[in-house]
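The values are calculated or read from the model by the stated rules, or taken from the named source; none is laboratory data. Model, not experiment: these values are computed from the prediction. Quick reminder, even Gly has a Cβ in these numbers, built from the backbone with ideal geometry, and neighbours come from all protein chains shown. To get the accessible areas, we keep the full protein, side chains included, count just its heavy atoms, and leave off ligands, DNA and RNA. Shrake-Rupley method; radii C 1.70, N 1.55, O 1.52, S 1.80 Å.
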Amino acid sequence: DKSEKLCYNTEKKEQQKEEIIFAVNKYVGRLYENTYRINLHTHDFWEIVRYTKGSGLVEIDGEIIPFQENDIFAIPPNVPHTDYSDTGFQNYHYTFNDDDFNRLSYMKFQDTENNDFLTIMAQLYHEYHLKRKNYQNIIDSLYTVLFHYILALSEEAESNQYVALVINEIISNISNPD
C-alpha cells in the first residue's frame, strides 16, 4: 500500500515495517568487482541492468544478446535471464514494479554520451544503501527520473533500429541493383 509506505511514524516497529515493504518492492545493487557469470534466475519485478565495465552475453528467455559497457537492459518480470563474460563485467542493477509499464519483452538501449542514466543510478544506489531520513521519497523520485529516461532512451533505440533497417535496405539495393 503506497500510502503506508509514505507514512512516517516515529515508532520503531512501524519504521521496520515500512522498510520491509520497501525492500520487497525495490532493490538496488552493484557488481563492483569483475563478475564472470550470473546464474539463470527470475524476478517478480522488472529489472534494469546498466553495464559499467566489460562485455559479454545476456541470455533473456532463451535469446542470446551481446552487451558492452554503457548498455542498458530492461528485463520483464518472471523472465529467465543470465549474463556471462570471459573477461568479466560490472554493473548497477535495480528492480521495480510499475503496472503502467506494459512491455512484454526486454528492451536494450544505450546510455547518453554524458552517462546521465549511470549518474542517476549511482545516486539511487547511494541513497538506497545510505538510508538517510526521508530516503524513501528520494529513492522514489530517482526511480521516476530513471523511468522517464527508460522511456526516452528506448524510444530513441527503436527509432534508430528503423533508421538502420532503411539504411541497410538502401545500401543493399545500391550494391545489388536487381
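Numerical summary
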| item | result |
| --- | --- |
| So Asn34, is it open to solvent by 60 Å² or more (accessible area, probe 1.4 Å) and more than 21 Å from Phe147 (Cβ to Cβ) | yes |
| Within region 26-124, strands (runs of 3 or more DSSP E) holding 2 or more residues that are in contact with a Ser or Thr (Cβ under 7 Å, 6 or more places away or on another chain) and in contact (Cβ under 8 Å) with a residue 40 or more places away in the chain | 27-41, 46-60, 81-96, 107-110 |
| Residue selected from region 50-96 under the condition open to solvent by 20 Å² or more (accessible area, probe 1.4 Å) and of a type in the set (Asp, Glu), by the criterion farthest from Glu113 (Cα to Cα) | Asp61 |
| Counted residues, region 47-80 - those being hydrophobic (A, V, I, L, M, F, W, C) and within 14 Å of Phe96 (Cβ to Cβ) | 6 |
| Members of region 124-156 found to be within 14 Å of the chain's Cα centre (by Cα) and either open to solvent by 50 Å² or more (accessible area, probe 1.4 Å) or of a type in the set (Ser, Thr, Tyr) (or both), listed by number | Tyr125, Tyr143, Thr144, Val145, His148, Tyr149, Leu151, Ser154 |
| Yes/no for Val28 being open to solvent by 20 Å² or more (accessible area, probe 1.4 Å) and at pLDDT below 95 | no |
| Test: Glu47 is surrounded by fewer than 15 Cβ atoms within 10 Å (Cβ to Cβ) and modelled with pLDDT under 95 | no |
